[in-house]
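Here's the structure we're looking at; comments come further down.
The values are calculated or read from the model by the stated rules, or taken from the named source; none is laboratory data. What you are looking at is a predicted structure, and each value in this text was computed from that prediction instead of being measured. Here the Cβ is made from the backbone with ideal geometry for all residues, glycine too, and neighbour counts use every protein chain on show.
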Amino acid sequence: MKVTGSVRVDSIDLSDEQQKGHVLSPDFFDAERYPTVDFESTGVRYEDGEAVIDGALTIRGEARPLTVRGKIGEPYENAYGGQGLAVRLGATIDRTQYGLDWQMQLPNGKPVLGNEVTIEVDLELGRG
C-alpha cells in the first residue's frame, strides 16, 4: 500500500487577503516557486490500534521524514452503494525545518508565531 498526497498552497483559506498574500509570499510558502505541499509514504502499518504511515513531507522543496498516526473508522456503505472507510491522521512538525522561518517579535518580546505546527488530515477512502 502506498499513500501519496498533494495540496496546492494557494488553496489556503484565510479571511484576510493581505495575510493570505503574505503567507503565499517568499516569507512563508513561496507559492510561485513551490506551489504544492507533498507527502509520499515509504511504509504503512497498523500498530497499537493506530494506522502508522512513514514517509516524506515536502514543503518549499525541503523533503523531511515524517510519521503520521491516526485512527481508522469502521467500514460503512457509501452513497454510491460501495464500501467506505474514514481515516483521520495527524503529525506535528517544526516549520523552521522546511524554511518557514519568518518571525516577528511582539512588544513584550515574545514571538508572533510558534515553530510547532500540527497537521491533521481526514480521508474518506472508497471502493466501487
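Worth a mention:
- Residue match in region 39-53 (condition: of a type in the set (Lys, Arg), without any contact (Cβ under 8 Å) to a residue 12 or more places away in the chain and closer than 21 Å to LEU125 by Cβ): yes
- Candidate set from region 96-119 (those that are surrounded by 11 or more Cβ atoms within 10 Å (Cβ to Cβ) and in contact (Cβ under 8 Å) with a residue 24 or more places away in the chain); member that is nearest to ALA51 (Cα to Cα): ILE119
- Flag if ALA86 is loosely packed, with under 13 Cβ neighbours inside 10 Å and either among the aromatic types (Phe, Trp, Tyr) or farther than 30 Å from ARG33 by Cα (or both): no
- Residue count for region 45-89, restricted to those that are more than 16 Å from THR118 (Cα to Cα), of a type in the set (S, T, N, Q) and modelled with pLDDT of 95 or more: 0
- Residues located in region 94-128, provided they are aliphatic (A, V, I, L, M) and closer than 17 Å to SER6 by Cα: ILE119, VAL121, LEU123, LEU125
- Hits in region 69-101 (condition: charged (D, E, K, R), over 14 Å from the mean Cα position of the chain (by Cα) and part of a strand (DSSP E or B)): LYS71, GLU77
- Subset of region 1-23 [under 16 Å from the mean Cα position of the chain (by Cα) and either closer than 19 Å to LEU66 by Cα or not in a loop (DSSP other than H, G, I, E, B) (or both)]: VAL3, THR4, GLY5, SER6, VAL7, ARG8, VAL9, ASP10, SER11, VAL23
- Of the residues making up region 33-44, those that are at pLDDT 95 or above and either over 12 Å from the mean Cα position of the chain (by Cα) or closer than 17 Å to ASP94 by Cβ (or both) are ARG33, TYR34, PRO35, VAL37, PHE39, SER41, THR42, GLY43.
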